[in-house]
Amino acid sequence: MAEKEQSFEAKLESAKTILENLSNPELSLEEGMKKYQEGIAILKEATKMLEEAKLTYTKLQEKEALS
């Protein structure tokens, strides 16, 4: 099943939830590692989205400066 693309804000919220889950002392090491890897993947995707937004903003600013 293909996963629906999440917004930047949704990705941050997912990462926050995972961090809260990792704070659970009853979480097994194996499950903790899975959650950690999932969180890292989500944060990488969010970082990529942020970098793309910065690049778009910079291009728009340059275009505006040339006008």
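Read-outs throughout are calculated quantities, based only on the coordinates presented, and are distinct from any laboratory measurement. Every value quoted in this text rests on a predicted model; they were computed, and no experiment measured them. Every residue, glycine as well, gets a Cβ built from its backbone with ideal geometry; the counts of neighbours run over all protein chains shown.
Rounded to the nearest 20 debye, the dipole size of the chain about its Cα centre is 240 debye, using +1 on the Cβ of Lys and Arg and -1 on the Cβ of Asp and Glu. Each other residue within a Cβ distance under 13 Å of K48 adds +1 if Lys or Arg and -1 if Asp or Glu, for a net charge of -1.
For the chain, the longest principal axis of the alpha carbon atoms and the long axis of helix 29-66 meet at an angle near 10°.
For each pair in K35/K59; K35/K63; K11/K63; K16/K63, compute the distance between the two Cα atoms and list the pairs where it is over 32 Å.
Listed pairs above 32 Å: K35/K59; K35/K63; K16/K63.
Each principal axis of the Cα cloud of the stretch 8-66 was taken in turn, and the coordinate range along them, longest first, works out to 58, 15, 12 Å.
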